[in-house]
Each structure stands twice: as C-alpha cells, then as structure tokens.
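The values are calculated or read from the model by the stated rules, or taken from the named source; none is laboratory data. All of these numbers come straight from a predicted model, not from anything done at the bench. Quick reminder, even Gly has a Cβ in these numbers, built from the backbone with ideal geometry, and neighbours come from all protein chains shown.
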Amino acid sequence: MSDAVDQILGQWARERPDVDAWPMGIVGRITRLSRLLDRELKDFFAGYGLEHWEFDVLATLRRSGPPYELTAGALNRAAMVTSGAITNRIDRLAAKGLVERVPDEEDRRSVRVRLTERGRTTVDEIVGPHVANEARLLASLGPDEREGLAVLLRGLLESLGDTSIR
C-alpha cells in the first residue's frame, strides 16, 4: 500500500538520488498524522463547546486528584506552552466557570488553579466519550500493533527529551 509520503519520497529519489530521504518518510507521516488527529479531536471537542486545549487543562487538573488543583507552573509544564499562554488559558477557563484561582496555602506569593464543580462535571462527562473516540481513531491497529507503536513512540519521545510532565 502506498501513501502520499511514498509519492514524496519517490519524487525526491527521482530528483535527488544522492540524498537518502528516509527520515522524511517517518517525520512526514508523524506530521500528517498529527494534523489529521488534531482535526478529529478539534471536531470532537467542539461538540462539547470546548477547544482541545481546554479539555487538556481540565483533564490535567482532574487526574491530579483531590483537591484537583495545580500551580500555573505545573500546568504550564504539562501543556508545553509559554507562561503567557497558560495565563491566557486559565483566564479563559475561569471566565467559563470551569476553573478558579485560589491562594496557595504554603506559599502566599503563589496561586493555584482548581477545577470548579462545573469543571469537574464537564471533564467527567467528556472523558469516557473521548477515550471511545480515540479508540475509534486507532481501530485499524490490532492489539500487538498498538503496543508496538506505543513502545516506539515512547522511545522516540524519550530520545528527544520528553520524559516527564512534571
């Protein structure tokens, strides 16, 4: 079976046979897959009136366990965005009543971001259908393929320094 990336690699092989373009095949497929998955997830979350990033923040807080709060810095590291971007995201979620800022009891200079009851209800309502949607997106892979792909992707992420969200 041939895909669009095979066509691109074929063109490079024809035009520049002196360049072994194999990395383009892997990076190109990961990039194309990322765009396709982003589009699917954007459509899914739009059905709940959310952006993908909004769910990510809510889910990060929810899986942190009671009292479902983290510092902005911890959210920033989990989201891999700038501190200005996470502040903007928190502002937008707070305006929707999904999170609130609370003083840090241990460090008065710090603020923690906490899920509101509405935020917790929202994320709990969505997480099951979200997992089912992701399973649908990966349905063409058998159990062994899923496990093998997870191992390969984990190794690649680790080799590029993405080893922890905290």
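Could you list all residues from region 9-31 that are aromatic (F, W, Y) and closer than 28 Å to A150 by Cβ?
Residues of region 9-31 aromatic (F, W, Y): 12, 22.
The one that is aromatic (F, W, Y) and closer than 28 Å to A150 by Cβ: W22.
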Pairs returned, first residue in region 1-12 that is in a loop (DSSP other than H, G, I, E, B), second residue that is loosely packed, with under 13 Cβ neighbours inside 10 Å, beta-carbon separation under 9 angstrom, 6 or more apart or interchain, are S2/G10
Across region 42-78, the tally of residues that are aromatic (F, W, Y) and not in a loop (DSSP other than H, G, I, E, B) stands at 4
If we keep only residues of region 131-157 that are in contact with a Leu (Cβ under 9 Å, 6 or more places away or on another chain) and among the hydrophobic types (A, V, I, L, M, F, W, C), then the residue surrounded by the most Cβ atoms within 10 Å (Cβ to Cβ) is L137
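Tell me, which residue of region 28-73 that is of a type in the set (D, E, K, R) and touching a Leu at 6+ places or on another chain (Cβ under 9 Å) is surrounded by the fewest Cβ atoms within 10 Å (Cβ to Cβ)?
From region 28-73, those of a type in the set (D, E, K, R) are 29, 32, 35, 38-40, 42-43, 51, 54, 56, 62-63, 69; that's our starting set.
So of that shortlist, the ones also touching a Leu at 6+ places or on another chain (Cβ under 9 Å) come out as 40, 54, 62, 69.
Numbers: E40: 15, E54: 21, R62: 17, E69: 20.
For region 28-73, the residue satisfying everything is E40.
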Residues of region 97-117 being free of Cβ contacts under 8 Å to residues at least 24 places away in the same chain and either surrounded by 12 or more Cβ atoms within 10 Å (Cβ to Cβ) or small (G, A, S) (or both), in sequence order, are G97, E100, R101, T116
Flagged pairs (Cβ under 7 angstrom, 6 or more apart or on separate chains; first in region 141-165, within 20 Å of A78 (Cβ to Cβ); second in a loop (DSSP other than H, G, I, E, B) and modelled with pLDDT under 95) are none
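With R32, R39 as the choices, which residue is basic (K, R), under 30 Å from V5 (Cβ atoms), free of Cβ contacts under 8 Å to residues at least 24 places away in the same chain and part of a helix (DSSP H, G or I)?
Values: R32 fails: free of Cβ contacts under 8 Å to residues at least 24 places away in the same chain.
Matching residue, one of R32, R39: R39.
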